Amino acid sequence: MEPDDDTIRLIAECMREDGDRKKEEAYQAMRKAWLERRDGNPSLQPGFKVDTDLQPLRWLEDGRDLIQSAKGTISVQLSSGLSRPPLNTYLPYPVFQMGAEIFLKGMWLCQFEECRNLRDHDWMTSEKRKDYREKLKDIGHDLIGLTARVRQIGPFGESVPIGEFLTILDAVVREHYFPLYEAARKGSNWAYARYPKRFYNDSLEIASANSLLRFPDQSLLRRAFDDAFDEIERIWNIRANLAARSRSER
């Protein structure tokens, strides 16, 4: 005998309530565990210190992870109580700024063979690390400037897919994510674009927080970064070369 609509709705409601109860129990358990660890004091192994990873793949993957961090605007819930992935997604302003910057700087690092060849346990002198750190600092946070720099790297400049990716990224930045305020006058100050903004008219003594609310579809942006990642790997063969070096030294 087929269950009627009322029975189906009752079952769905019970499933939702059970799911909510389990989530609340998990949340309270997490809170208790972390409150008990509030005085923890993490430390490195003796002799180690933290510094910037210069393997381009790490930068590319971290940047792409941020680009995958979508915020949904429209979601669908099934009659069973389960939720489907959001229909509309976008990247909040600071998430895109950070993800694109880290990805582009990963592309910039690809031009250096000693960086591409870094395996998990490979060491680089502190002098070289400092030199790369300073260079990364000097090229700043200006996404428009970064796309121009990357385009000048020989193999990237010769790649049609990478050229198209950089053109698309440049257009997306200018249309949706450009820091429309005074800090944009200095490329190094693009980092401030990550902060919440309010638009002021000081002469009229009015302001508006309702700005920068129109963003492109995150799923389409993600596809552009995924395709670029695949093309970068095709150009430089970083993973394949690292694997080959490891096999040859066994």
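Within the stretch 208-218, is even one residue at negative phi, among the hydrophobic types (A, V, I, L, M, F, W, C) and over 22 Å from the mean Cα position of the chain (by Cα)?
So in the stretch 208-218, the residues at negative phi come out as 208-211, 213-218.
From what is left, the residues that are among the hydrophobic types (A, V, I, L, M, F, W, C) are 209, 213, 215.
Subset that is over 22 Å from the mean Cα position of the chain (by Cα): 209.
Checked the stretch 208-218: at least one residue is at negative phi, among the hydrophobic types (A, V, I, L, M, F, W, C) and over 22 Å from the mean Cα position of the chain (by Cα).
Given the criteria at pLDDT below 90, of a type in the set (Ser, Thr, Tyr), surrounded by 12 or more Cβ atoms within 10 Å (Cβ to Cβ) and part of a helix (DSSP H, G or I), does Tyr192 qualify?
Numbers: at pLDDT below 90: yes; of a type in the set (Ser, Thr, Tyr): yes; surrounded by 12 or more Cβ atoms within 10 Å (Cβ to Cβ): yes; part of a helix (DSSP H, G or I): yes.
Yes, satisfied.
Kindly provide the set of residues from the stretch 105-151 that are more than 26 Å from Phe48 (Cβ to Cβ) and in a helix (DSSP H, G or I), ordered by number.
Looking only at the stretch 105-151, we keep the residues that are more than 26 Å from Phe48 (Cβ to Cβ), and these are 107-108, 110-111, 138-151.
Listed by number, the residues that qualify are Met107, Trp108, Asp138, Leu143, Ile144, Gly145, Leu146, Thr147, Ala148, Arg149, Val150, Arg151.
Please list, ordered by first then second residue, the pairs with beta carbon atoms under 6 Å, 6 or more apart or interchain, first in the stretch 111-138 and of a type in the set (Lys, Arg), second part of a loop (DSSP other than H, G, I, E, B).
Arg129/Asp51; Arg133/Thr52
Taking the condition of being small (Gly, Ala, Ser) and either more than 17 Å from Met124 (Cα to Cα) or assigned to a helix (DSSP H, G or I) (or both), how many residues in the stretch 43-66 meet it?
Keep residues of the stretch 43-66 that are small (Gly, Ala, Ser), which gives 43, 47, 63.
Still in the running and either more than 17 Å from Met124 (Cα to Cα) or assigned to a helix (DSSP H, G or I) (or both): 43, 63.
Counting residues in the stretch 43-66 that are small (Gly, Ala, Ser) and either more than 17 Å from Met124 (Cα to Cα) or assigned to a helix (DSSP H, G or I) (or both) gives 2.
Are there any pairs, at least 6 apart or on different chains, whose C-beta atoms fall under 8 Å, with the first in the stretch 149-174 and of a type in the set (A, V, I, L, M) and the second part of a loop (DSSP other than H, G, I, E, B), and if so, which?
Ile153/Cys110; Ile153/Gln111; Val172/Pro216
Return the residue satisfying two criteria in turn: it lies in the stretch 133-167 and is surrounded by 13 or more Cβ atoms within 10 Å (Cβ to Cβ) and of a type in the set (Asp, Glu), and of such residues it is farthest from the chain's Cα centre (by Cα).
Looking at the filtered set, the residue picked out is Glu164.
Read through the list (1) at pLDDT below 85; (2) not in a helix (DSSP H, G or I), then give the number of the only condition that Ala184 fails.
Exception for Ala184: condition (2).
Sort out which residues of the stretch 216-225 are part of a helix (DSSP H, G or I) and either more than 12 Å from Ala100 (Cα to Cα) or outside the structural domain of Ile168 (by TED's automatic domain parsing) (or both), and write them in order of number.
In the first step, residues of the stretch 216-225 are kept if they are part of a helix (DSSP H, G or I); the result is 218-225.
Of everything in the stretch 216-225, those that are part of a helix (DSSP H, G or I) and either more than 12 Å from Ala100 (Cα to Cα) or outside the structural domain of Ile168 (by TED's automatic domain parsing) (or both) turn out to be Gln218, Ser219, Leu220, Arg223.
Select from the stretch 228-240 the residues that are under 17 Å from Asp120 (Cα atoms), in contact (Cβ under 8 Å) with a residue 12 or more places away in the chain and out of contact with any Lys or Arg (no Cβ under 7 Å at 6 or more places or on another chain) and list them in ascending order. Show your work before the answer.
Filtering the stretch 228-240 for residues under 17 Å from Asp120 (Cα atoms) gives 237-240.
Keeping just the survivors that are in contact (Cβ under 8 Å) with a residue 12 or more places away in the chain gives 238-239.
Answer for the stretch 228-240, where residues must be under 17 Å from Asp120 (Cα atoms), in contact (Cβ under 8 Å) with a residue 12 or more places away in the chain and out of contact with any Lys or Arg (no Cβ under 7 Å at 6 or more places or on another chain): just Arg239.
The values are calculated or read from the model by the stated rules, or taken from the named source; none is laboratory data. These figures come from a predicted structure and were not determined experimentally. Note: ideal-geometry Cβ built from the backbone for every residue, glycine included; neighbour counts use all protein chains shown.
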